[in-house]
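Each remark here refers to the structure printed beneath this line.
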Amino acid sequence: MNSLVRFARQRPVLSYIVLTLAWSFLFWGLILTVTPAGTLMVEPMKPAAFGFMMLGLLGPTFAAVVLTRTIYGTGSLRALYGRLGLWRIGAWGFVVLFPLLINLGQFVVYSLLGGVTSNIDFAARLPMGIMLGVTAGLIEEFGWRGFMLPHLQKQHSPFVSALIVGLVWGGIWHGFADYLGIPQAGLTKLALILLLGPALLTAYSVMLTALYNGTRGSMLAVVLFHFFISSSSLILEVPAANDGERVAWAVVAVVLAWLIALGLAVRAGMFGKVSTLQPRAV
């Protein structure tokens, strides 16, 4: 046990990645014993599949809680979750809305180009979108931005740290979740996994890093940002007519997100320096 504690203190980022993936992939892998990949979100969802999905989603928080308590001891979890009370974020509050603006802009362009939106039941989408946004923000962010990002920024620039978090979060962790949930097959499925995972979420990771640093470690700010990622992507999902359109609109979202992310990174000075921001318990 002492050797594991020593390893966690010496390699907190690696420990966090291994523990998060081990927990999440264990339960998500069990989904495949209940339903094939690509059918996870088909209604009615099987109760066992839903249970395994929710347990797997706890991976980032589980790892953050265990490692924070192990490395920093008594009072560390209070310090970690206390950053949810940092609500004075000033002009950075506008950045929280960026995912909503990206998805709204994509939806408006789709409509202007003649896309059919009259048959969309927004009233049905809204409750699920809100529930998804609240759940994803609170479950994930205390791990990715609350624990992993600050530790990376002790050794790397904010931009490099953001890329590492984004690739682990979007490329590996979210990649497996998308493999289970995306119903398309073959190259279309692969393209959507890559676009909606590492490509898009790494751009969001850059924005989240700028937001986190700009608000002096406000977990409220990054939870709200994540809320708008998840909720607006569901509520304002473009009703593509075929797989080609789905991939094309995913490309549009990725391009828009990276243009904004790079502009924000330049504005926030995220290149070529190690962040001096080190909140308590990290």
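Since every read-out is calculated from the coordinates, none of them should be taken as a lab result. Bear in mind that the values here come from a model prediction, so they are computed numbers and not experimental data. Ideal geometry is used to build each Cβ from the backbone, glycine not excepted, and the neighbour counts take in all protein chains shown.
Using a Förster distance of 35 angstrom, determine the FRET efficiency expected from the C-beta separation of Asn242 and Ile130, and round it to 0.05. Let's see the in-between values first.
Details: r = 29 Å, r/R0 = 0.83.
Using R0 = 35 Å, I get an efficiency of 0.75.
For a protection proxy built on the mean count of beta-carbon atoms within 10 angstrom, sort 174-180, 236-242 highest first, please.
Working: 174-180: 19.4, 236-242: 15.4.
Descending packing order for the listed peptides: 174-180, 236-242.
Using the alpha carbons of the chain, what is the convex hull volume per residue in cubic angstrom, as a whole number? Don't jump to the answer; show the numbers that get you there.
On the way: hull volume 38.2 nm³, N = 282.
Expressed per residue, the convex hull around the Cα atoms of the chain is 135 Å³.
Return the Rg/Rh ratio of the stretch 109-208 with Cα-based radii and a Kirkwood Rh. Before the final figure, lay out the partial values.
Numbers: Rg = 16.4 Å, Rh = 15.5 Å.
We get a ratio of 1.06 for the stretch 109-208.
If the cut-off is a Cα-Cα distance under 27 Å, which lysines reach Lys46, setting aside same-chain residues fewer than 8 apart in sequence?
Lys189
In terms of the Cα gyration tensor, with a ≥ b ≥ c the square roots of its eigenvalues, is the stretch 189-234 rounded because a/c is under 1.5, prolate because a/b exceeds b/c, or oblate? Show your work: numbers first, answer last.
Working: a/c = 4.43, a/b = 1.88, b/c = 2.36.
The shape class here is oblate.
Please report Rg over Rh for the stretch 1-84, where both radii come from the alpha carbon positions and Rh follows the Kirkwood definition. Working shown, then result.
Values: Rg = 16.0 Å, Rh = 14.4 Å.
Ratio of gyration radius to Kirkwood radius for the stretch 1-84: 1.11.
How big is D for the stretch 26-72, in µm² s⁻¹ as a whole number, if Stokes-Einstein is applied with the Kirkwood radius of its Cα pairs at 37 °C and 0.692 mPa s?
Details: Rh = 11.8 Å.
This corresponds to a translational diffusion coefficient of 279 µm²/s.
Connecting C-alpha atoms closer than 10 Å in a GNM of the chain, tell me which of Trp23, Trp169, Trp87 has the biggest fluctuation.
Among Trp23, Trp169, Trp87, the largest GNM mean-square fluctuation belongs to Trp87.
Report P(r) for the stretch 66-130: all Cα-Cα distances, bin width 5 Å, range 0 to the bin holding the largest distance, values in whole percent.
Over the stretch 66-130, the share of Cα pairs per 5 Å bin runs 3, 12, 11, 14, 12, 12, 11, 9, 7, 5, 3, 1 percent.
From the mean inverse distance of alpha carbon pairs (Kirkwood) and the Cα radius of gyration, derive Rg over Rh for the stretch 151-274. Mind showing how you got there, number by number?
Values: Rg = 15.1 Å, Rh = 15.1 Å.
Dividing the radius of gyration by the Kirkwood radius yields 1.00.
Cβ neighbours within 10 Å, averaged per peptide: list 30-38, 132-140 in order, most packed at the top. All intermediate terms of the calculation are to be shown ahead of the outcome.
Numbers: 30-38: 15.4, 132-140: 18.8.
Result, highest mean first: 132-140, 30-38.
For the pair Lys154 and Leu86, how long in nm is the line joining their label points, each one 7 Å along Cα→Cβ?
1.7 nm
Give me the one-decimal nm value for the distance between modelled label points at Val18 and Arg69, 7 Å along each residue's Cα-to-Cβ direction.
Calculated label separation equals 2.0 nm.
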